[in-house]
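Peer 1: Sharing a structure here in structure tokens format.
Read-outs throughout are calculated quantities, based only on the coordinates presented, and are distinct from any laboratory measurement. The structure presented is a predicted model; accordingly, all values stated were derived computationally and were not measured. With ideal geometry, Cβ positions are generated from the backbone for all residues, glycine too; neighbour counts draw on all protein chains shown.
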Amino acid sequence: MRSIVCVVVLLVCVASCGCTNLSFSQITVSSEPSGAEVYFNSEYRGSTPCCISSVPAGTHSIELRHPEHLVWKDEVTVKSGESVIVSADLSKNTVSDVPTSAADTVRAGAYASGSKVKRLEQIVENYHDTHTYSMVNLFVCADMTIDVWNIVETAGINAKIAVGNIEHADSKWSDWNHAWVLAEVDPNQWVALETTGGYLVYGDENSNYYRAVCFDTPRDFKEYLNLIRDYNNKISYCNSLYDQYDGKAAEYNRESAYYSDMVNYWNTYYAGQPVSVASQSYQSQMAAQAIRVSSLAGELNQITSTINTENAALTRIGNQIVALIS
């Protein structure tokens with residue numbers, strides 16, 4: 001992920017500055033429920049509700065941590081001398097642990113016909129026989145997983161929705177590309193349902209199905225999917241901005257080089273010489289080219305500002321995903 005922070009400057013500007021009195025701001029932080037630890041710019045400041053004083057103007061990060069809820073993160077921008085109220089509605093931590101040891105998984109052939117395993121086989125096979133999907137991606141298999149989860153729960157079997165990478169279990173969350181169901185056939189005994197394939201996967205067949213992040217309900221899972229969708233859309237938009245920047249930068253460099261050649265030509269043939277019709281005409285062309293280059297520099301700065309803003313938003317979404325699956 002690229003981040004452009006440079007600012008292109010063509011013309012030398014003379015700015016005047018004076019001394020002003022610094023006026024600090026104040027931020028009041030509350031949460032529902034209260035009692036969340038407050039970290040202001042990564043520094044602990046107490047528990048909600050609390051007041052953070054002597055805050056300089058600018059953008060600051062706020063993180064709330066509660067043992068029974070998901071981590072809440074955001075940024076707040078304050079002006080000089082301003083009082084700001086930040087109120088957070090903390091989400092219940094509904095991400096579940098997934099069984100990770102062989103003892104917690106069902107081995108192939110461990111259960112006889114007529115058991116819950118047999119019933120799960122019927123469920124996933126029947127679903128596969130009566131449903132199709134047009135393409136393989138996280139969102140398609142997620143829809144199928146939610147359907148199967150509902151069927152399994154309706155059958156009276158405890159189930160969770162799992163998400164991860166069945167080929168590379170240690171991959172980062174940004175590389176997770178699959179969803180499936182984990183069903184509890186006995187206390188702490190789980191079996192994986194491959195919903196897009198229509199079969200069960202046992203612990204001794206592919207342990208990666210048992211190394212995932214799990215959600216207790218489709219509602220919780222959809223919150224994750226929405227964040228992933230927002231993240232992917234933001235990535236696509238940022239990439240289009242990078243393309244815009246590259247194109248505009250190439251145009252700027254070309255026009256700027258041309259302007260530099262014009263200046264060199266002026267210094268060689270007209271500087272220090274009597275004013276003539278030719279020199280006046282060339283000087284007018286130089287001024288027009290300077291305006292052209294200055295305009296391109298402004299467009300580059302605008303694209304740069306947008307990229308930095310979108311990258312900050314991308315980081316916030318990524319932090320929300322990490323908080324949700326942590």
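Peer 1: If each of residue 266 and residue 42 carries a label point 7 Å out from its Cα toward its Cβ, how far apart are those two points in nm?
Peer 2: Once both label points are built, they end up 4.8 nm from each other.
Peer 1: Okay, next question. Tell me which of 274, 209, 237 sits at the most positive position along the dipole axis of the stretch 199-283, charges placed on C-beta atoms (Lys, Arg +1; Asp, Glu -1).
Peer 2: 274
Peer 1: Residue separation times 0.36 nm, minus the C-alpha to C-alpha distance between residue 140 and residue 283: what's the value?
Peer 2: 45.2 nm
Peer 1: Taking 0.36 nm per residue of separation and subtracting the Cα-Cα distance, what length does fully extending residue 74 through residue 172 add?
Peer 2: Result: 33.0 nm gained on full extension.
Peer 1: Let me ask another. Can you give the net charge of the other residues whose Cβ lies under 15 Å from the Cβ of residue 253, counting K and R as +1 and D and E as -1?
Peer 2: That sum, taken over residues with Cβ under 15 Å, equals -2.
Peer 1: So, one more: If you stretched the chain out fully between residue 322 and residue 205, how much longer would it get, using 0.36 nm times the residue separation minus the C-alpha to C-alpha distance? Write out the running numbers ahead of the final one.
Peer 2: On the way: separation 117, 0.36 × 117 = 42.12 nm, distance 2.90 nm.
Here the answer is 39.2 nm.
Peer 1: How much net charge surrounds residue 195 when only the other residues with a Cβ under 12 Å from the Cβ of residue 195 are counted, with Lys and Arg +1 and Asp and Glu -1?
Peer 2: -4
Peer 1: On to the next question. Using the Cβ atoms and a cut-off under 15 Å, what net charge is assigned to the surroundings of residue 297, where Lys and Arg are +1 and Asp and Glu are -1?
Peer 2: Residues close to residue 297 contribute a combined charge of 0.
Peer 1: Between residue 84 and residue 301, what is the FRET efficiency for a Förster distance of 30 Å, r being their Cβ-Cβ separation, to the nearest 0.05?
Peer 2: Rounded to the nearest 0.05, the efficiency is 0.60.
Peer 1: Starting with the fewest neighbours, write out 153, 63, 75 ranked by other beta-carbon atoms found within 10 Å of each beta-carbon.
Peer 2: 75, 153, 63
Peer 1: Still on this structure, I have one more. Going by Cα centres, the stretch 192-270 and the stretch 278-326 are how many Å apart?
Peer 2: Their Cα centres are 19 Å away from one another.
Peer 1: What dipole magnitude, in Debye to the nearest 20, does the stretch 120-201 give about its Cα centre under +1 on Lys/Arg Cβ and -1 on Asp/Glu Cβ?
Peer 2: Magnitude of the dipole: close to 180 debye.
Peer 1: Provide, in order from the shortest bin, the percent of all Cα-Cα pairs of the stretch 26-89 in each 5 Å bin, continuing until the bin that contains the maximum pair distance.
Peer 2: It works out to 4, 19, 34, 25, 12, 5, 1, 0, in whole percents.
Peer 1: Right, another one. What is the fewest-to-most order of 40, 221, 24 by other Cβ atoms lying within 10 Å of their Cβ?
Peer 2: So the ranking, lowest neighbour count to highest, is 24, 40, 221.
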